[in-house]
Amino acid sequence: MKGKSVAVILLVALLMTSGLLYLLMDDRTEAVFEHTFDSSVHGYFYYGNVALDDDAVYVGTSVKWHALRDEGGIPSNFLLIALDKRDGGPLWSQDLGRGEVISGPMLADGKVLVSVRAFDEDGYRVNVSVMAFAVADGSLVWIREVVSTIPVDPTREGPEEQQWLSTFHQAGLAWDGQHLLAGGDNIHLLDIEDGNVIWAAAPSNPDENVNHMIIQGGFAYASTRSGVDRVLLTDGGVSRFSPIGIGTPWQMTGCQDGGIILGTSGSLVRLNSTGDVVWEYSTGGQDVRAQAAIDADGNIYVGTKANQQSYFFKLSADGEEAWRVDVGADMYSSPSLGDDGRVYVGSENWNGRGGTVHILNSSDGNADGRIIVGRDIMWMSPAIDGGLLYVGGMGGSFAAYEVEAVGLLASHWPTRDRNLNRTASIT
């Protein structure tokens, strides 16, 4: 018996060190409600985010770029869904066919807006369209193609090896109550009523795709793989905003004085309203792919992507590090600042226990709790409203959990895209 006990102890130790123990134990946090979808048919929650209004939560499904290689195929019926935000009851569901939600949902003018990237029958990603659905019943209002062709890399064979290239062909959305901007091949100003193009402007590097956008102070800011452009909303006039050599840009946060906070492949950068670098915080080469949150005092919160070396940090308004926490799991998820003084942010598999929402004290970074959701949390960021936190992961489950925060912190930019409608604008 003693030999068997030793063997069991050694097996458990091996599973813990290999990160496999969480597969054998039910370590997930109990949810208020949870919906689990067949990921082989409908995909899971990877790119898209969560939008909320008074009654519903809206979310769309997608897949990771190497789904063909690792998961046996592309789902046939991606979804855009609306659920009752208190009990999770289904309100409506829109079948998107072979089109995954890569940006949005965003709520504007009685519509749910999403950017949808389509697959052909062979699994190649072929184009991107902005689609508008009625909030009331999910019926399609209009559709507008914004990426006509996703290029193929001739040095790689088969659709599963092409997916890395199409990762950079997204189409950010922004709305300020008057202007609807969409990225893609160009920067597009769309008529929100019918999706018609009012003007389209090429980015300063016309060979690149516009991935992320915000609006503030009469300008749109659009990021590509090499920099950030500033665009006049009146006529689409484009000028390069970010300096050369600051790293590959990812997402932006607007500052109250007209500047932006920009995450890059190795730093977090503060640019003023004319595009000059005010300060640069080096992450030691770690990517900052998430969108930062900013509190009422100008403090900045965001995490990094560097596998087991990933960390989450807080900077003062002048770029000085206040604290940082070693997370040990990639963080694509943008943080949400709760009105309880805590920061809520998702990560991939944390400590072998699965995708996790980390709940950190905003004053010192100490852990005040965690929500374990199963599979990895990727680009989806926690949404907080009415004492519930909403999040989905790569397992195909979307759920709501009780938290102490009633809502978001009253601040300049407390969550992804600034508010729960995901409108990514400052007015």
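Structure summary
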| item | result |
| --- | --- |
| Unmet requirement for residue 68, which otherwise passes all of (1) under 14 Å from residue 44 (Cβ atoms); (2) modelled with pLDDT under 95 | (1) |
| Members of the stretch 116-145 found to be modelled with pLDDT under 95 and either within 19 Å of the chain's Cα centre (by Cα) or not small (Gly, Ala, Ser) (or both), listed by number | 117, 118, 119, 120, 121, 122, 124, 125, 126, 127, 128 |
| Selected residue [modelled with pLDDT under 95 and crowded, with 19+ Cβ neighbours inside 10 Å] from 195, 227 | 227 |
| Residue that is nearest to residue 344 (Cα to Cα), among those in the stretch 388-427 that are assigned to a strand (DSSP E or B) and β-branched (Val, Ile, Thr) | 391 |
| Residue list for the stretch 231-257, filter: at pLDDT 90 or above and either of a type in the set (A, V, I, L, M) or crowded, with 20+ Cβ neighbours inside 10 Å (or both) | 231, 232, 233, 238, 241, 249, 250, 251, 252, 253, 254, 255 |
| Selection from the stretch 200-213 of residues that are closer than 16 Å to residue 180 by Cα and either of a type in the set (Ser, Thr, Tyr) or buried (at least 16 other Cβ atoms within 10 Å of the Cβ) (or both) | 201, 210, 211, 212, 213 |
| Lone qualifier among 107, 113 - being modelled with pLDDT of 95 or more and buried (at least 24 other Cβ atoms within 10 Å of the Cβ) | 113 |
| Which numbered condition residue 274 misses (of (1) under 25 Å from residue 330 (Cβ atoms); (2) outside any strand (DSSP E or B); (3) hydroxyl-bearing (Ser, Thr, Tyr)) | (1) |
| Failed item, numbered, when residue 264 is tested on (1) touching a residue at least 24 places away in the same chain (Cβ under 8 Å); (2) over 26 Å from residue 185 (Cβ atoms) | (2) |
| For residue 98: the one exception among (1) surrounded by fewer than 22 Cβ atoms within 10 Å (Cβ to Cβ); (2) closer than 28 Å to residue 336 by Cβ; (3) in contact with a Pro (Cβ under 9 Å, 6 or more places away or on another chain) | (2) |
| Tally, over the stretch 110-155, of residues that are in a loop (DSSP other than H, G, I, E, B), hydroxyl-bearing (Ser, Thr, Tyr) and under 22 Å from residue 209 (Cβ atoms) | 4 |
| Wholly within the stretch 28-88, strands (runs of 3 or more DSSP E) carrying at least 3 residues that are crowded, with 24+ Cβ neighbours inside 10 Å | 56-60, 78-84 |
| Flag for residue 43 being small (Gly, Ala, Ser) and at pLDDT 95 or above | no |
| Every residue from the stretch 309-354 that is aromatic (Phe, Trp, Tyr), assigned to a loop (DSSP other than H, G, I, E, B) and closer than 19 Å to residue 266 by Cβ | 332 |
| Qualifying residue in the stretch 371-392 (condition: surrounded by fewer than 24 Cβ atoms within 10 Å (Cβ to Cβ), at pLDDT below 95 and among the charged types (D, E, K, R)) | yes |
| Selection from the stretch 104-129 of residues that are of a type in the set (D, E, K, R) and more than 18 Å from residue 417 (Cβ to Cβ) | 117, 120, 121, 122, 125 |
| Filter result for the condition that a residue is part of a loop (DSSP other than H, G, I, E, B) and closer than 28 Å to residue 204 by Cα, over 261, 244 | 244 |
| Restricting the stretch 258-303 to residues that are surrounded by fewer than 19 Cβ atoms within 10 Å (Cβ to Cβ) and acidic (Asp, Glu), the residue that is farthest from residue 343 (Cα to Cα) | 276 |
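Listed here are the residues, each with its yes/no results for (1) touching a residue at least 40 places away in the same chain (Cβ under 8 Å); (2) in contact with a strand residue (DSSP E or B) (Cβ under 9 Å, 6 or more places away or on another chain); (3) of a type in the set (Gly, Ala, Ser).
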position	(1), (2), (3)
57	yes, yes, no
74	yes, yes, no
83	yes, yes, no
87	yes, yes, no
93	yes, yes, yes
96	no, yes, no
99	no, yes, yes
103	yes, yes, yes
109	yes, yes, no
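The values are calculated or read from the model by the stated rules, or taken from the named source; none is laboratory data. Bear in mind that the values here come from a model prediction, so they are computed numbers and not experimental data. As a convention, Cβ positions derive from the backbone with ideal geometry for all residues, glycine included, and neighbour counts pool all protein chains shown.
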